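Just below is one structure, and these are the notes that go with it.
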Amino acid sequence: MRRKDKEITGTEEMIAIIEQNTVCRIGLSQNNRPYIVPLNYGYSFENNILTLYFHSAREGRKMDIIKENNQACFEIDCDHQLIEGGKPCSYSYAFKSIIGFGRIVIIESTDEKINGLNRIIKQQTGKEITYDFPEEALKRTVVYKLAVKEFTGKQKQDF
């Protein structure tokens, strides 16, 4: 990271940013052309391994790209606030963000799909509820995970 003064070095602080948000942007690439999509997500952080969970329909551009190239990046940000300056070029912006890279894996196991969906629901609702899902719904829904290889955090908090 170029600006070490803005780097978030604590894993717990980075996980707190992931925990407080509900939207993650994933970046994909097809034929050297970028594609970014915002998604609701869930996550796990176990044994120092971060995994992000997503779900979608079986068809569509995103799924076509993932099947062709499962390398991805992600970005999550929060705590946005304008920092006003006295002159046009002295304005700034406060934020916290996490950026990382990894590989997307489509989940085939029913138990792992249910786990992923429950993590997504927990992230979106803030409630620790375990749901059972109808077999039909599980068949028509794709659950996939981003197995994160590396991630970093950055912040600007000068108010």
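Bear in mind that the values in this text are calculations on the coordinates, not laboratory data. Worth saying up front: this structure is predicted, and the values here are computed from it rather than measured. All Cβ positions, glycine included, derive from the backbone under ideal geometry; neighbour counts span all protein chains shown.
Express the relative contact order of the stretch 54-134 as a whole percentage, based on alpha carbon pairs under 8 Å and six or more residues apart in sequence. Walk me through the numbers before you get to the answer.
Details: 72 pairs, mean separation 21.2, N = 81.
The normalised contact order for the stretch 54-134 reaches 26 percent.
Given DSSP loops and a limit of at most 14 other Cβ atoms within 10 Å, what is the longest stretch of the chain that contains no such trypsin sites (Lys or Arg not before Pro)?
Working: sites that count: ARG2, ARG3, ARG58, LYS127.
Between the exposed loop sites, the longest stretch runs 59-126.
Once each part is reduced to its C-alpha centroid, what is the distance from the stretch 30-95 to the stretch 135-159 in angstrom?
Centre-to-centre (Cα) distance: 8 Å.
Report the extension gain between ASP111 and GLU150 in nm, rounded to one decimal, defined as 0.36 nm multiplied by the number of residues separating them, less their alpha carbon distance.
Working: separation 39, 0.36 × 39 = 14.04 nm, distance 2.62 nm.
Here the segment from ASP111 to GLU150 would lengthen by 11.4 nm.
Over the stretch 4-156, what relative contact order in percent results from Cα pairs under 8 Å that are six or more residues apart?
Numbers: 293 pairs, mean separation 48.3, N = 153.
After rounding, I find 32 percent.
Please give the helix 110-125 orientation as an angle from the longest Cα principal axis of the chain, in degrees from 0 to 90, rounded to the nearest 10.
Computed tilt is about 40 degrees.
Among the GluC sites (Glu not before Pro) within the stretch 84-117, which fall in a DSSP loop and have no more than 14 other Cβ atoms within 10 Å of their own Cβ?
Details: sites: GLU84, GLU108, GLU112; in loops: GLU84, GLU108.
Taking the stretch 84-117 and a limit of 14 other Cβ atoms within 10 Å, the loop GluC sites (Glu not before Pro) found are GLU84, GLU108.
Compute a Gaussian network model of the chain, connecting alpha carbons closer than 10 Å, and tell me which residue from VAL148, VAL105, VAL37 fluctuates the most.
Highest fluctuation of the listed residues: VAL37.
At 7 Å along the Cα-to-beta-carbon direction for both GLN30 and TYR91, put a label point, then send me their distance in nm to one decimal.
Label at GLN30, label at TYR91, 3.6 nm between them.
What number does the stretch 1-52 give for Rg over Rh if you use C-alpha atoms and the Kirkwood radius? Working shown, then result.
Numbers: Rg = 13.8 Å, Rh = 13.2 Å.
Using Cα coordinates only, the ratio equals 1.04.
Dividing the alpha-carbon radius of gyration of the chain by 2.2 N^0.38 Å (N being the number of residues), what value is obtained?
Values: Rg = 17.4 Å, N = 159, 2.2 N^0.38 = 15.1 Å.
The reported ratio for this selection is 1.15.
Taking the Cα-to-Cβ direction at GLU7 and at GLN157 and moving 7 Å from each Cα, how far apart do the two end points lie in nm?
1.8
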